[in-house]
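First the structure, in the form of structure tokens, and then the observations on it.
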């Protein structure tokens with residue numbers, strides 16, 4: 001018989017209340033009515049939890065019956081006014097929900113409370129790793145005090161200390177004991193300085209300098225100055241050669257940054273540095289790779305020399321890609337063929353190289369070889385496959401193979417407690433907690449059941465999790481579920497209002513958020529189409545709240561309006577508008593061809609920003625898929641003829657050298 005844990009006193013949780021004797025108020029309702037009633041009751045109890053007695057709260061929870069989110073209520077009650085008297089409650093709860101997301105939500109604040117009160121015995125009894133550095137330091141400190149082997153603990157403490165940023169002050173007592181026992185070496189200090197300088201928290205370098213002997217302090221100074229200004233490496237007289245292994249690392253690091261600011265200065269410094277120091281093969285390859293990519297993006301006259309130099313030292317995919325881009329920029333078709341056919345097949349078997357190999361043969365009038373390569377690509381559902389199909393003038397292969405999952409499998413997954421919790425949290429709009437529960441659910445499933453759960457998420461209208469679950473499973477041919485017609489009414493209405501292709505709006509939303517209405521990017525863009533507050537303010541001529549941007553209606557309205565604005569700016573060139581949506585119009589304007597128009601596919605391949613380059617490719621491919629989906633659904637769509645399809649238009653499109661700026 002299913003049992004439930006319920007809080008009945010301030011001391012202990014009792015998990016022996018039979019659900020068959022509870023929740024009598026729901027017994028005459030249908031399943032849907034019961035769930036709605038339980039949901040409403042859950043929200044009511046949650047609001048009362050802070051000031052309801054334990055006995056009354058327990059009765060409320062018992063009467064809630066088998067509602068999936070009961071543990072969330074118990075968590076709330078336990079965490080209200082933590083005291084050591086709640087140890088038995090916490091222990092019972094952790095035992096019942098071991099391994100679930102609920103475990104960490106209780107354990108972390110409980111351990112923090114015990115650490116604050118310095119309750120060592122209880123802390124050690126309950127401690128488990130919860131991803132909190134402060135708690136980890138406290139645990140190791142207590143272990144040291146209790147005589148746990150230093151041979152076991154010191155390597156762990158060294159790893160905690162040797163990081164690129166400051167650790168919490170809570171770790172200071174632990175580090176003090178570790179240092180007092182002679183464990184802090186000069187090598188560790190220099191390693192940490194290098195980490196702090198090379199992308200870490202450079203402000204700790206001044207402190208770390210004080211730990212070095214006087215004869216090595218200059219190394220700390222060189223790292224710090226080079227971090228603040230890579231031009232430091234141009235003054236090679238500062239590198240006195242006492243510790244060449246470290247000094248060459250600093251020069252390598254500085255040149256890798258200097259090349260983006262002072263290309264000729266970096267090249268000259270490197271030539272001089274090689275006369276003064278001996279660099280390792282790895283260091284030479286690093287510098288060559290950085291120089292090659294930077295010079296290629298800048299279209300520097302020495303770019304190809306450095307690309308060849310880099311390729312001779314190390315097989316770097318990014319260098320090879322930029323070598324291709326340089327040759328494409330010059331339309332040097334014969335050299336492209338030579339590059340691809342001589343490079344490692346491990347890299348050049350990729351779709352992009354095979355497409356440009358075909359394009360090169362095509363440009364040199366070797367039509368048969370070009371057609372053979374196009375035909376191989378055309379069978380695939382991706383950007384280059386669609387390009388190849390359009391060049392052949394044949395229909396696109398979408399490879400849609402929808403999964404058919406047994407109803408018994410679907411039912412079993414739906415009945416799992418974690419699935420029920422995820423669903424309820426989603427219905428309550430608590431998407432973060434819902435996703436945590438969903439990820440936990442995945443860990444409980446077989447490979448086949450993971451696929452079934454992706455189908456289930458789609459049935460629930462939880463499109464972002466369906467998309468992510470399919471991607472994580474590796475099954476990519478359930479196209480209709482991976483590219484759902486989510487928010488169809490909203491997106492098609494706003495696309496029509498703003499006179500843009502609806503498939504474009506779908507493609508942008510799919511790429512930007514996977515239809516996650518509450519998505520927030522690192523740049524603080526919000527919602528379905530990832531609209532920035534500044535963009536919203538410009539479009540509406542007033543402030544638009546972040547909460548409003550999370551509303552799918554508002555977000556689709558503003559996202560579509562912005563797409564229309566960009567199309568007006570670029571003379572209705574969808575490729576430039578798509579790139580501008582990602583990188584900004586002013587930046588894209590600077591990427592236009594210098595002297596003559598170029599084909600859209602060639603221009604996309606030479607976009608300097610990897611993120612934008614991949615973004616445009618993805619959106620174009622998604623747009624083609626959604627055009628097909630809309631056509632099948634008989635919704636508003638672009639014409640279906642190959643020459644009028646997304647990629648039919650793309651292979652004909654030219655990118656101009658300039659666009660009139662009317663702002």
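Summary table
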item	result
Longest to shortest principal axis, alpha-carbon extents of region 488-655, angstrom	44, 39, 24
13 Å tail of the calculated P(r), region 407-476, as % of Cα pairs	60
For the chain: relative contact order, % (alpha-carbon pairs under 8 angstrom, 6 or more apart)	7
Relative packing of 173-181, 98-106, which averages over residues the other C-beta atoms within 10 Å, highest first	98-106, 173-181
Extension gain, residue 39 back to residue 392 (0.36 nm per residue minus Cα-Cα distance, nm)	121.5 nm
Cβ-Cβ FRET estimate between residue 592 and residue 520, R0 fixed at 35 Å, reported to 0.05	0.65
Helical mean residue ellipticity (222 nm; -39500 (n - 2.57) per DSSP H run of 4+; nearest 500) of the chain	-19000 deg cm²/dmol
Listed peptides 544-553, 132-141, 78-87 by packing density, highest first (mean Cβ within 10 Å)	132-141, 544-553, 78-87
Those residues of region 289-313 whose amide nitrogen sits under 15 Å from the label point placed on residue 264, 7 Å along Cα→Cβ	300-303
Cα-based shape type of region 192-279, given that a ≥ b ≥ c are square roots of the gyration tensor eigenvalues and the cut on a/c is 1.5	oblate
Whole-Å semi-axes of the ellipsoid equivalent to region 502-572 (Cα gyration tensor, √5λ, descending)	18, 15, 10
Contour excess over end-to-end distance, with Cα ends at residue 415 and residue 185 and 0.36 nm allotted per residue	77.2 nm
Potential extension, residue 644-residue 367 segment - 0.36 nm per residue separation minus Cα distance	97.4 nm
Sites residue 298 and residue 63 - FRET efficiency at Förster radius 51 Å, r taken between beta-carbons, to 0.05	0.15
Of every Cα-Cα pair in region 162-210, the percent that sits beyond 17 Å	34
Relative intensity, log₁₀ I(q)/I(0), of the chain from a Debye sum that treats every alpha carbon as a point, q = 0.05, 0.07, 0.08 Å⁻¹	-0.34, -0.68, -0.88
Peptide ranges 397-407, 331-341 listed from the most packed, as the mean C-beta count within 10 angstrom indicates	331-341, 397-407
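Laboratory data are not the source of any read-out in this text; all were calculated from the coordinates shown. Because the structure is a prediction, the values reported are computed rather than measured. As a convention, Cβ positions derive from the backbone with ideal geometry for all residues, glycine included, and neighbour counts pool all protein chains shown.
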